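A quick write-up on the structure given underneath.
Values quoted throughout were computed directly from the atomic coordinates according to the rules given, and no laboratory measurement underlies them. Nothing here was measured: the structure is a model prediction, and the numbers come from that model. No Cβ is skipped: glycine too gets one built from the backbone with ideal geometry, and neighbour counts run over all protein chains shown.
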Amino acid sequence: MRQRSARTVVSGLAALIGALALSGAASGTGKPPEPPQPSQGTETFLIRQDFSDCQNSNVNAGNPSLIGGTVFVQRQSNGTTVAKVAITGTANTTYTIFHKCVGTLGTIVTQDEDEGSGTFQFQTNPGILTFDMYPNGAPSGNKFQSVPITLH
């Protein structure tokens with residue numbers, strides 16, 4: 001796996017998340033833009049860390065070299081939450097992403113450049129939201145935990 005600086009990873013992931021967030025804005029459908037949602041969204045990091053509790057209470061972004069991805073979360077007024085995830089992981093690997101201690105959201109497949117992304121929708125209530133993600137077999141060093149997000 002190619003080594004990349006944390007700044008390069010974060011810059012690339014931030015650009016990808018921004019592109020995903022804006023992808024509907026320039027669709028050229030001729031429809032008027034949708035009204036703003038109650039929440040404009042929150043972005044958090046995915047940290048390379050093998051284990052944590054359901055609240056990811058010991059997960060933080062204090063060491064930039066451990067940042068392996070981002071999650072942009074927006075809670076809709078109907079209780080649906082949309083999570084846009086971008087990672088830099090192991091090339092050609094399928095990662096399963098989980099709404100931590102709740103259930104599976106889906107999978108992300110990285111390409112030969114180690115990067116992958118996906119968008120997931122699920123129901124939530126206000127409170128702490130956490131994710132974890134890992135490939136089948138959950139090998140050490142290839143697991144991700146999210147920095148906790150507080151949904152309002």
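Between the stretch 93-130 and the stretch 54-70, what is the separation of their alpha carbon centroids in Å?
Centre-to-centre (Cα) distance: 15 Å.
Pairs of alpha-carbon atoms within less than 8 angstrom and 6+ residues apart define the contacts here; what relative contact order does the stretch 31-152 have, in percent?
30 percent
What's the extension gain from VAL102 to ASN125 if we count 0.36 nm per residue and subtract their Cα-Cα distance?
Full extension of this stretch gives 7.1 nm more.
Could you state the per residue volume, in Å³, of the convex hull enclosing the Cα atoms of the stretch 37-107?
113 Å³
Would you work out the relative contact order for the stretch 69-110, in percent, from Cα pairs under 8 angstrom that are 6 or more residues apart? List each step's numbers first, then the result.
Values: 55 pairs, mean separation 12.7, N = 42.
Dividing the mean separation by the residue count of the stretch 69-110 yields 30 percent.
Fully extended, how many nm does the chain gain between GLU113 and ASP53 (0.36 nm per residue separation, minus their Cα-Cα distance)?
18.5 nm
Given points 7 Å out from each Cα along the Cα-Cβ axis, report the HIS152 to SER140 separation in nanometres with one decimal.
Once both label points are built, they end up 4.2 nm from each other.
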